[in-house]
Amino acid sequence: MMRNPRWTWLGLAAMWFGLWLGCGTSATAQTTLVFVHGKSDGVSTDSRTKVINNYWTPDMIRAATRNYTVPYEVVFYDGRKHYWDCAVDVAAQINQFITNGRRNLVFVTHSMGGVVMRFILCNADPSDPYYNYRGANFNRIQTHTRHVLSYAPPNAGSEAADLAGTLSGSWMTAWLVSLLDNNSPSTRALTTAHFRTANANWMRDSLRSKAIFTVAGTGLWNDFCLECVGLATLSGLAGLPGEDDGMVAEYSAHYTKAPGGRWYNTDANHHYNRRNSYRRLGEDIARYGY
């Protein structure tokens, strides 16, 4: 179903006004956008350049940073690891950004990248279950975080990850492996069963002091690229409930509540809801995200 542009605009504008009211003096500091990618979706993420060019695309970075007038950083890491181990790698890079003078951080995340940032922000205080996990300085990151804009995060897990555990050795595995990477630790940790436990314990909203604003994808056939065919097929095979983007269901993306909560929906699928092409998501970020 197509979104009503008027209501979408109002929702974005209302969110921006709320951020403006809630940021206080921190909003006057120079904002830095920090992009945190997801599992990889078949894209190599072993360098900053590859992540910019192949995962986000330069046009997304350009649009979100208002034609590069806003400082930005791009994280890269091995998305095949468990998300809690990815959080350690990501935290090391973010802390280096802070050491280099970056402040007032607004995170733009996609897919598992949103889960990684949730883990960091839910475990940033001494009373939290995995406080500063494996020596990572989550607390320092929390101090310098303004908020998170989380695109297509599997906050309640993904039925696609549930399906992945049944694909090994089937004729379907080779075709969908670039989407699911079914044998990786990260996929096994993104199941709905895992998140029922995580959300009741170390990922509770009450553990966070920083807002996470979520965006859900609700489209499948954005065009006839191989990724779109795969996502549409995966949506049917996995039995994703309600609206979904081929990988993450709407209910899962919007599972987290205050601080933060639902921002808006886009009909861009999981391949396109990290880019500025099918829908102008980077421009949404630039106009309303900070």
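Quick note: the coordinates plus some simple rules give every number you see, no bench work behind them. Here the structure is a predicted model, which means the values were calculated and not measured. Heads up, the Cβs are rebuilt from the backbone with ideal geometry, glycines too, and the neighbour counts pull from every protein chain shown.
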> Reachable lysines from LYS50, Cα under 25 Å, same-chain residues fewer than 8 places away excluded?
Replying inline: LYS39, LYS81
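FRET efficiency for THR192 and VAL229, Cβ-Cβ distance as r, R0 = 25 Å, nearest 0.05?
Values: r = 24 Å, r/R0 = 0.98.
FRET efficiency, THR192 to VAL229: 0.55.
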>> If I model a spin label as a point 7 Å beyond the Cα along the Cα-Cβ vector, how far apart are those points for LEU237 and ASN100 in nm?
In response: 3.9
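Can you give the relative contact order of segment 26-288 as a percent, counting alpha carbon pairs under 8 Å and 6+ residues apart? Walk me through the numbers on the way to the answer.
On the way: 577 pairs, mean separation 55.7, N = 263.
For segment 26-288, the relative contact order is 21 percent.
Which ordering of ARG66, ARG134 is given by a fewest-first count of other beta-carbon atoms within 10 Å? Before the final figure, lay out the partial values.
Working: ARG66 15, ARG134 10.
Least to most surrounded, the residues fall as ARG134, ARG66.
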> Using modelled amide H (1.01 Å from N, peptide plane; none on Pro or chain starts), what sits under 5 Å from the amide H of PHE35, excluding residues fewer than 5 places away?
Replying inline: GLU73, VAL74, VAL75, VAL108
>> Counting only other residues whose beta carbon sits under 10 Å from that of ASP205, what net charge do I get with K and R as +1, D and E as -1?
In response: +4
> Can you list residues whose amide H is under 5 Å from ALA211's amide H, if they're 5+ apart or on another chain and H is modeled 1.01 Å from N?
Replying inline: VAL148
> In nm, to one decimal, how far is the ARG287 label point from the SER44 one, both placed 7 Å along Cα→Cβ?
Replying inline: 3.7
> Non-local amide H neighbours of ALA249 (under 5 Å, H modeled in plane, Pro and chain starts lacking H): which ones?
Replying inline: GLU159
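I'd like to compare 246-257, 51-62: which one has the highest average count of other Cβ atoms within 10 Å, and what's the full order after that? Present the calculation step by step, with values, prior to reporting the outcome.
Details: 246-257: 24.2, 51-62: 17.8.
Going from most to least packed, we get 246-257, 51-62.
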